[in-house]
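Following: one structure in structure tokens, then a few remarks.
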Amino acid sequence: MNKNALIKKAKKVLENNWTGLYTKPSPKSYPHQWSWDSGFIAIGYSHYDREKAMTEISSLFKGQWKNGMLPHIVYHKPFIDYFPNAEDWNIGISKDSPEDIPTSGVTQPPIVATAIWNLYINSEKREDSLKFVRSIFPKLINYHRFLYNFRDIEGKGLIANIHPWETSIDNSPKWDTILNNIKIENSKIAYVKRKDLKYVSHEERPSDQAYTKFIYLMKLFKQYKYNQEKICKVSPFLVYDVLFNSILYKANLDLLNIAKLINEETNEIENWINKSRSAFEDILWCDEDSMYHSYNVLQNEIIRVHTASCALPLFASIPDKDKALNIKKYLLTVCPFGEENICVAIPTYDKARTGFSPSNYWRGPIWVNINWMIYKGLLNYGFEDLARKIGLNIIRLIKEIGFWEYFYPTEMRGLGINNFSWTAALLIDILNGDIDYEKTFNIQSHL
Ligand code: GLC
């Protein structure tokens, strides 16, 4: 299959998941609009359908809360087949919730500024996109203000997450200890009949034990009527996630580009950037492991669990060259690309460690969005060889077995749901970059 045919297939996946307002993450399992999914998806659209990219982002902002929060799920339409649904969150009990649309009550990694910047720079006629960029800017900066006003709880420039769903890699081994230590006296409080197991086998999804804790936290926040100050005081899950904060740092850089472009004040954004840059070094960098880790705020300690997110500061150009080199070395140990025991790309968790699972969700499999961010991050530092290997292996994987939600790390096997939107969207982005597709796959490019 030549490059154009593969791009065409990816566009078809997005077209089939398009609802007219937003793109479902996949045909089955995820019927609503998810925040970071929409960001990645809009980056794909930015290469060929500016209108859809703008609609995707505008629809997402319809769910913005009065305090600025962009929720992780926007429920444009009811679907009985999904849990938790709008009724389960019941955000109407909060004075800050939007009046005319139901949403969830937590946020997700803030990739949206990066999506808007991509929409602008990839536009054929950039001046046509300016109007949109101008109109969305006040909402966008309000979202970033929400994060700093309510979640920079120690004023150090790092944003705290209150729920594993906010980090979006909810059953990552890095949260195991915290979740295991949450004791629920009456487990009935958190009992739910899971709906996520209808299409995907249990072995590929979070455990019941983890799921119970997710629901417990959701119910706790509801009890506090989604009041941010109170929740940050009572939540037994309170972390500075290296993934979330890296994406935010990159988003702030893109927000700064946008502000300069439309002649808006930049001081506030520059202050966020400067403050969090030092916090990455002072709080998240671990000398012993030569990499960045997430941080358990309640215990005041870094979480020394080797996941792919430890490499994401590369995506935001945070580390200096020496630190970046150490991270690259680490990536080569988790993904040696050797003859034996090959990892197809970067797995979400180091396969040499306890708790690694090749098929369980965020506990080992390969995800395209994580690999895409690492790929971009390596390019930021001129590590082109490794970047290219990752990029080409992701292409090969999708080309040969399909647009899966996640992939088995050591063999060509898809996991979760097929025809997953961000897998298609980010493939389009990679194929639009400087990657030697025809040479590698030995194909003449023609349509
Ligand atoms: C799962 C993933 C999350 C994603 C959502 C929709 O909950 O953990 O990252 O946003 O599905 O695709």
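The values are calculated or read from the model by the stated rules, or taken from the named source; none is laboratory data. None of the values given here were measured: they were computed from a predicted structure. The area values use the complete protein model at the heavy-atom level, side chains included, leaving out ligands, DNA and RNA. Shrake-Rupley method; radii C 1.70, N 1.55, O 1.52, S 1.80 Å.
Taking Pro71, Pro236, Pro347 in turn, the Gaussian network model of the chain (Cα-Cα springs below 10 Å) assigns the largest fluctuation to Pro236.
Sort the chain into rounded, prolate or oblate with this rule: let a ≥ b ≥ c be the square roots of the eigenvalues of the Cα gyration tensor; rounded if a/c is under 1.5, and if a/c is not under 1.5, prolate when a/b is larger than b/c, oblate otherwise. Cα axes put the chain in the rounded bin.
In terms of accessible area, using a 1.4 Å probe and ignoring ligands and nucleic acids, Met291, Met54, Met1 rank largest first as Met1, Met54, Met291.
Here's the list of aspartates and glutamates a cross-link from Lys376 could span, going by alpha-carbon distance under 14 Å and ignoring same-chain residues fewer than 8 apart: Glu384, Asp385, Asp429, Asp434. Computed from backbone phi, the HN-Hα couplings of region 351-358 come to 6, 7, 9, 5, x, 5, 9, x Hz, rounded to whole numbers (Karplus: 6.51 cos²θ - 1.76 cosθ + 1.60, θ = phi - 60°; Gly and Pro given as x). Mean-square fluctuations from a GNM of the chain, with a 10 angstrom spring cutoff on Cα atoms, peak among Arg388, Arg194, Arg363 at Arg194. Only helical runs count toward this figure. For the chain, summing -39,500 (n - 2.57) over DSSP H runs of n ≥ 4 and dividing by all residues gives -14000 deg cm²/dmol at 222 nm. In the structure shown, the pairs Lys77/Lys183; Lys77/Lys193; Lys233/Lys275; Lys9/Lys329; Lys275/Lys329 are assessed against 30 Å; a Cα-Cα span above that value is assigned to Lys77/Lys183; Lys9/Lys329.
Counted residue by residue at 0.36 nm each, then reduced by the alpha carbon distance between them, the extension gain from Glu87 to Glu438 reaches 121.3 nm. A straight Cα-to-Cα reach below 13 Å connects Lys260 with the aspartates and glutamates Glu268, Glu270, residues fewer than 8 places away in its own chain not being considered. Close amide-amide hydrogen proximity is noted between Glu264 and no other residue 5 or more places distant or on a separate chain, at a cut-off under 5 Å (H modeled in the peptide plane; Pro and chain starts excluded). Listed cross-link partners Lys11/Lys125; Lys198/Lys389; Lys399/Lys439 are compared with a 26 Å cut-off, the Cα-Cα value being larger for Lys198/Lys389. Put simply, the amide H of Gln33, placed in the peptide plane, has neighbours under 5 Å in Val74, His76, leaving out anything fewer than 5 places away on its chain.
The residues of the chain have, on average, 40 Å² of accessible surface per residue, using a 1.4 Å probe with all protein chains present.
Residues whose amide H falls under 5 Å from that of Tyr349, counting only those 5 or more places apart or on a different chain, are Ala308, Gly364, with hydrogens built in the peptide plane.
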